[in-house]
Each structure stands twice: as C-alpha cells, then as structure tokens.
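Read-outs: derived from the displayed coordinates by stated rules, not from any lab. As the structure is a prediction and not an experimental result, all values here were calculated from the model. Cβ placement follows ideal geometry from the backbone for every residue including glycine, while neighbour counts extend to all protein chains displayed.
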Amino acid sequence: MGQLPGWTGGRRLHWRGFLNARDLGGLPLRPRGETRFGVLIRSDLPGGVEELGVQALVDYGVRTVIDLRSPRELVDRPNPLRDLPDYRHLPLLLDRDLDSIADIRDIAGTYRWNVDNRGEAIVGILRSMAEAPPGGILFHCFAGKDRTGVIAALLLAVAGVDRDSIIEDYVLSEGTVPVQFRPLPEMMADLLDHLDRRHGGVPAYLAAAGAGTAMQETLRRLLDHAS
C-alpha cells in the first residue's frame, strides 16, 4: 500500500478516541518476511464521536469496520463508527453467551469457550474479512483484548506468524485495561495449546468450523507480502 498517511513506523496507532489500536503488520512470517501493514487493524471500541478522529482512519485506508460486540452492548454503547459506509456488526458472542461465560472464573477459560462454542460465528467473521472490499479492515470488541485477541490470534496463525509473535501481539494490550484484566502471555499460550490439543491446530479447527482451504488461503494473502 506504500507509505500510509499518519503511520509513524510502529504498530501502535495513536488515533484520537482509541486506547488500544494497532496494526497487525510487521510481525515475522514463516519461513521469511513479515505481515503487511494497513490491511488488518485491531482496536477497542472508540470513544464518543466528538472525541474521535474518524478522518485518521479514512486516511490510513480503513474501509471496513467489524464490530464484534453483542447486540446488547450495541444498545448500551452505540458505535460511533456505525455510519461509515462499510460498518458491519458480526458478534463473536451473543447476549446469551455473555451470560454463559459469566461463571467462568479465568479469562483463558473464556477464550477456550469461544473457540469451542462459537466456531460458526468465528468463520462468519473471517469470511467477512476475506470478502471485504479493498482497503484496511478494522475489527474490535469493547476493550480490544479478549474477543478481538481471539480473532487476531487465528488470523495471525493462518498467515504463518509464529506462536511467540502471536503471544507478543496479545500482550501489547498491556496498560489499556484494568490491572485485574491484564493480558498475561500464559492466557494466549493456553488458547494456542488448546487449539493444538483439542482441535489439531488452527487450520484444522477452522476447516472443521467451515473455513476451508480456499478461505484460509485468502486470509493468508491478506497479510503475506509475498502473495
């Protein structure tokens, strides 16, 4: 995409109204190279529209916004990006799911629950990304750490990013959430171990959930410079 307007060379994006926005570019790929900037951007729910620098997103090349929050959350906190031309609400968790995971005592346990019980929703989210029009794709939940982190980990794994770098990306949410919800590396490591042990790895997990070889290859090409 060439030089991105407003890009300062790092992965963190200092956009007005956002606390936890970053590009998934710049991560090492196997066997060589790194992920592309300007294609997939993860974030938290931005602040009120009066505080939000929407033009910064447009200038950066963002064309699609995917809101991963539940329907109930949209009512409680309407999305200030909802009037953008390609805004999509694709909840990873439904309202009843939020109630189901409320009794899970550890954050890592909620991640395992997400992949075990919401495979169809996950594939729908990834399909939307694979079929999105040209331009950057911003995806977010509330804090940009948990649901967003699960989707980011799956995308990075499909692209060929190594395990340590996936965990490193997850931990970058440190300092943007209350300390009791901080993104400890062992939480993401647990999810990746679970995907390997129970589901045979990310490609096998996604294939079983309905994202076949062709879709996974399309997702890989989004981030792979060599494609």
*Considering residues of the stretch 81-133 that are surrounded by 20 or more Cβ atoms within 10 Å (Cβ to Cβ) and polar (S, T, N, Q) only, the residue nearest to L156 (Cα to Cα)*: N114
*Taking into account only those residues within the stretch 204-227 that are more than 17 Å from the chain's Cα centre (by Cα) and free of Cβ contacts under 8 Å to residues at least 60 places away in the same chain, which is farthest from V115 (Cα to Cα)?*
S227
*Out of the residues in the stretch 9-32 that are within 16 Å of L219 (Cβ to Cβ) and in a loop (DSSP other than H, G, I, E, B), state the one that is farthest from the chain's Cα centre (by Cα).*
R30
*asked:* Just to be sure before I move on: is D116 in contact (Cβ under 8 Å) with a residue 12 or more places away in the chain, more than 26 Å from T213 (Cα to Cα) and among the acidic types (D, E) in the structure I sent?
replied: no
*Picking from S128, S100, S70, which residue would you name as being touching a residue at least 40 places away in the same chain (Cβ under 8 Å) and of a type in the set (S, T, N, Q)?*
S128
*For residues in the stretch 40-80 being of a type in the set (S, T, Y) and within 28 Å of V115 (Cβ to Cβ), which is surrounded by the most Cβ atoms within 10 Å (Cβ to Cβ)?*
S43
*List pairs: first in the stretch 9-23 and of a type outside the set (D, E), second exposed (fewer than 12 other Cβ atoms within 10 Å of the Cβ), Cβ under 6 Å, 6+ apart or cross-chain?*
G17/E51
